[in-house]
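Notes to accompany the following structure.
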Amino acid sequence: MGPLPAISGSPRPTPSSAAPSTIYASPAGAVPRNHHSRQQLSQIDARDSPLRRGPSRAARGEEVAASAESPLLWAANGTNSNDSGSPGLGASTADRDSSTASPTAEPRRKKQKRNKPTLSCFECVERKTKCDRGRPHCLACIKRQTDCEYARVANLLEETTRTATNGRRMTKAPKKRKDGGSWPAIPNAADRGHNVGRLKALGSVATSTGLLSNVPFSAPGSSNVFGIGSEHPFANYWTCEGGLPEVISVLPDKLQADILLNRYFECVDPVYPMLHRQTFYADYEHFWSLAQPEKDCSDAAFVALISVMLALGTQFVTSTSPAERKQTAEFYASASNQALRMCSYLSTASIKTIQAMVLITYFLINDNHASDGWAFGGILMRQAYAMGLHRDPNIVVPDAPPFEKQQRRKVWQAVLLQDTFLTVLLSLPPSATHTDVSVDDLVEDGASIANDDPTDTAYIRGSWTLANLVQETICSPRSLDVPICTTARHKAKLVADFRAIYRSFPDVFRSWDPDALAQLAHANKRAAYQTLFLSSNYFHNLMLVHASESPDVPVNVRGTLEAAHDAITAFFVLFSLFEAEAHVWWVFNHRAFLEALCIGNVLREAARDPESEEAVARDPLFVRARADIHRMIQIMQAMGDGDQESQTVRTRVQVLSEFLL
């Protein structure tokens, strides 16, 4: 039977299954569209036709151009658009379309696809392959050895959703073991230290309990292992009316200050090259050239910066006794804190106040005040955010000179680096998580008189790139005691990312031969410092990745021991080349102790398997691992002799000695 003829003047029913579109539907109480004049309908249709018809109808070849009003009105209210009620061209076209469709089918108007951005990398889109959207490189591009780049909108979405995504993954309940047992409470072999069962769940199980003040040193535990002091960090030598002139009056004479600053630039500045030496010394010489009344009215932030640099320089002086050195350094640190108070640093921030606060945090950590340093670093982070250091200088200060923009980038890098690796060592959440400052923008202007050493720039870029990866992949999981890697594929990709960063380091920072480092120390002590610290940071975090354990990913025993050996060797070389400086660096000492602790945990867990006990005793890798622990014990005993003996050192030696029993 052929199609039924259209009934003249009868409204065509709209299929019940199709909901009216908000674009097409008329508002309630409005005059029906077929009551308009032809001229009005033509104007409405001409105005709305690009939005209402869309590309899908034109692609089907519908005769929409022959009648401007009939398709529009049919879609709007289901009626024929012919004013006289007789079937016209539009009606016959609609009848022909409906004759081939079932009575309950929707009109032949396909739903327009939602316009959404492409989140996969360009290479996977081009090849039409599955992309896991990993950063900085997807796994497919790693296997193909091709460049992995994403669209700008994809990167923006990744940044804005990263925190929420990590949160969902971290709060997901762990899988149950097939044998009915339970997985270890601490998902990283590097954190399964001595007396872990005594720790409270105040933060990360690994170490955060050690930050509590006034914890007694009577029994081995996290407090004395991690060296937390309980006394106030800044001694009070100041009167209420003294003000800034009182702080300036306690500065040493210029000759003594020159010696201490030279020690600072020799030992501290290579590791944290935040200051521009030429411009600092220009301001420093100008300060000393002022008359005393003019000095008393000088910039309090600069006085604070000088004072903390004197404190750090004093820590590395070897001509005085340890007790005298400690007292003098703490006095200068207190002067720096008082000068910051004089410039109202909590309500007024500047580049100099941020620089002074970064150095005060490092001083507190070296001075056995890790808990105070952590708390002070929190204030520092808020002030850096308030200054906009986390933003691209081209956005927040577009008209500033290039040198000022570079200084802002370097100071933010120092804040980010300090926050990242302090959170790794203490297993606490990171703070420097929101930034759009790019590492690639840190390029020195060779035409400027105040240009920096190219080696320093390469060191900053390498440390910055490493810190970004550690911030994204290691800090947050460890602070919540969840696995760093959830799948074998995830771990392989993360290891590949770390190795790619190491390959990007300049050759001078990858010369990993002790003899070559000894020659470098004589020729370029600054480069030797930077090589040791950068290598120690890299291999320590690689060790954490290999040591991560989850229900689907076991600990990579050999990878963990290899990375731990390279990391702790950096400390051994530092001690052999710069023994006096090695005594002062708490970060390096503590990191080496954690590496020895990780080695001991891996050896202990491997020895529990009766089948592998004999292999562990003969395997050169395990033999070397035991030698690393023994060497660490010897160094710590040497560092604890005489005036420098402390409960912290004795406890650490006791903890490590238990792994050799």
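Values in this text are rule-based calculations from the coordinates and carry no lab data. In this text the structure is predicted, and so the values were computed from the model without any measurement. Ideal geometry is used to build each Cβ from the backbone, glycine not excepted, and the neighbour counts take in all protein chains shown.
Computed from the C-beta positions of Asp399 and Glu294, the FRET efficiency with R₀ = 30 Å rounds to 0.45.
Cα centroids of segment 580-631 and segment 290-315: 45 Å apart. Most tightly packed first, judged by the mean number of other beta-carbon atoms within 10 Å of their residues, the peptides 547-554, 315-322 read 547-554, 315-322. Which residues in segment 291-316 have a backbone N closer than 14 Å to a point placed 7 Å from the Cα of Ile259 along the Cα-to-Cβ line? Label zone hits: 313-316. Packing order of peptides 478-484, 346-352, 618-624, highest average first: 478-484, 346-352, 618-624 (average count of other Cβ atoms within 10 Å over each peptide's residues).
A rounded overall shape is assigned to segment 227-374, the ratio a/c of its alpha-carbon gyration tensor axes (a ≥ b ≥ c) being less than 1.5. Residue separation of His522 and Arg626 scaled by 0.36 nm, minus their Cα-Cα distance, works out to 34.3 nm of gained length.
Note on Gln145/His286: beta-carbon distance plugged into 1/(1 + (r/R0)^6) with R0 of 45 Å gives a FRET efficiency of 0.25. The simple Förster model, with R0 at 35 Å and r as the Cβ-Cβ distance, assigns Arg382 and Gln327 a FRET efficiency of 0.65. The spacing between segment 364-423 and segment 530-555, judged by their C-alpha centroids, is 25 Å. Taking label positions 7 Å along the Cα-Cβ direction at both Leu661 and Ala375, the computed distance is 3.6 nm, reported to one decimal. Peptides 558-567, 519-528, 571-580 ordered by packing proxy, namely the average of other Cβ atoms within 10 Å per residue, highest first: 558-567, 571-580, 519-528. Distance between the 7 Å Cα→Cβ label points at Ala500 and Leu346: 4.5 nm. Stretching the chain fully between Asp619 and Asp441 yields a gain of 59.4 nm (0.36 nm per residue, less the alpha carbon separation). Measuring against 32 Å, Cα to Cα, the residue pairs Lys143/Lys410; Lys410/Lys493; Lys295/Lys410; Lys326/Lys525 contain Lys143/Lys410 as the ones spanning a longer distance. The simple spin-label model puts a point 7 Å past each Cα toward its Cβ; for Glu241 and Asp513 those points are separated by 6.8 nm.
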